[in-house]
1. Choose one answer from B:A67, B:A47, B:A33: the residue with the largest mean-square fluctuation in a GNM of chain B with alpha-carbon springs under 10 Å.
2. Looking only at B:F87, B:F18, B:F46, which one moves most when chain B is put into a Gaussian network model with springs between Cα atoms under 10 Å?
3. With θ set to phi - 60° and the Karplus curve 6.51 cos²θ - 1.76 cosθ + 1.60, what are the ³J(HN,Hα) couplings of segment B:87-104 in order, to the nearest whole Hz, using x for Gly and Pro?
4. Can you list the HN-Hα couplings for segment A:47-54, worked out from phi with the Karplus curve (6.51, -1.76, 1.60; θ = phi - 60°), rounded to whole Hz and with x for Gly and Pro?
5. Using θ = phi - 60° and the Karplus form 6.51 cos²θ - 1.76 cosθ + 1.60, what ³J(HN,Hα) does each residue of segment A:93-107 get, whole Hz, x for Gly and Pro?
6. Using only the Cα atoms of segment A:13-71, build the gyration tensor, take square roots of its eigenvalues as a ≥ b ≥ c, and label the shape rounded, prolate or oblate: rounded if a/c is under 1.5, else prolate if a/b is larger than b/c, else oblate.
7. How tilted is helix B:59-74 with respect to the longest principal axis of chain B? Cα atoms for both, answer in degrees (0 to 90, nearest 10).
8. Mind listing the long-range amide H neighbours of A:V123? Cut-off is under 5 Å, sequence gap 5 or more, other chains count too, H placed in the peptide plane at 1.01 Å from N.
Amino acid sequence: MPDQSHVGRRYSAPGQRIAPEAARAVAAAIAGGDPVREAESVPPTFAAVYCLAPALAQLFSDQEVGIDLAGLIHGEQSFEWPAQVHPGDVVDATAEITGIDTRRGMTLVRLAMEATRPADDTVVCRATSLMIVRAPA
Amino acid sequence: MTAPAAADVAIGDAVTPFSRTVTQEQINAYADASGDHNPIHLDPDFARSVGLPGTIAHGLLEMGILADAIASWAGGNQNLLSLSCRFSKPLLPGDTIICTGTVTSVDDAGIATLEVGASSDRGDRVLTNGRATVRFSH
């Protein structure tokens, strides 16, 4: 189970490529039956793929933290985009566990993430997530 | 796309009304595109086994639609500077998500702050405590 001792754990996922076809696939899925609004642009929430997903993959496979995926709920999410990413960009993603609290049998795990484009040393996304782990039934 | 000029944006202005019906096919497509194949989004039997009424949309798919609504009003993705929200209630396949936003402040640099959110056509407030910042041209 996640506990206070895991606060401060860091994860790193360098070399995340903004694959144009992956960005287009996310844009198309968001559009659903509607036309894609900006076909050549990376949808803002594609940050879920290049910034959030690599961190979560490492967190979820971190046996020492031991998050039970069956009881996991995504509670809150924030994104900030100080600069735009473009198809083909390569970014380095990092993440840190910033808080772990227990409330009414649920464990609240807070994460802060950042994606930087080394080509021009620019932060392209800052993100925070609240993940809620429900106690096993 | 051209963004509205900052001088034309005022406190109380509303984001252009925006709604989109979310289908299971769309949720499947988002799972493939994002790599999030959690069975609560894809397998109705599994979803019911964990107490949900059936499969539910990814919160990040809903947030993507909210971003689409705001960026569309603001003149393009490049003008959306930040977005945050709470995933309060699940959105089910077949639901229509209705996105809203209201300008709460505009600064001298042409950055507008908005309260934003989304409801389902069944009346559930699915995205709450939402906040966005948007850049407008001078």
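1. Of the options given, B:A33 has the highest mean-square fluctuation.
2. Top of the fluctuation ranking is B:F46.
3. 8, 8, 9, x, 9, 9, x, x, 5, 9, 8, 10, 9, 9, x, 9, 5, 10
4. Per residue, the Karplus-derived 3J(HN,Hα) values read 4, 4, 8, 8, 10, 7, 4, x Hz.
5. 10, 10, 8, 9, 6, 9, x, 9, 10, 10, 9, 6, x, 9, 9
6. Numbers: a/c = 4.28, a/b = 2.00, b/c = 2.15.
Verdict is oblate for segment A:13-71.
7. Relative to chain B, helix B:59-74 is tipped by roughly 20 degrees.
8. Residues meeting the criterion, in which the H sits 1.01 Å from N, are A:R117.
All of the numbers you see were taken from the coordinates with simple rules; none came from a lab. These numbers come from a predicted model, not from an experiment. Cβ sites come from the backbone with ideal geometry, for glycine too, and all protein chains shown count toward neighbours.
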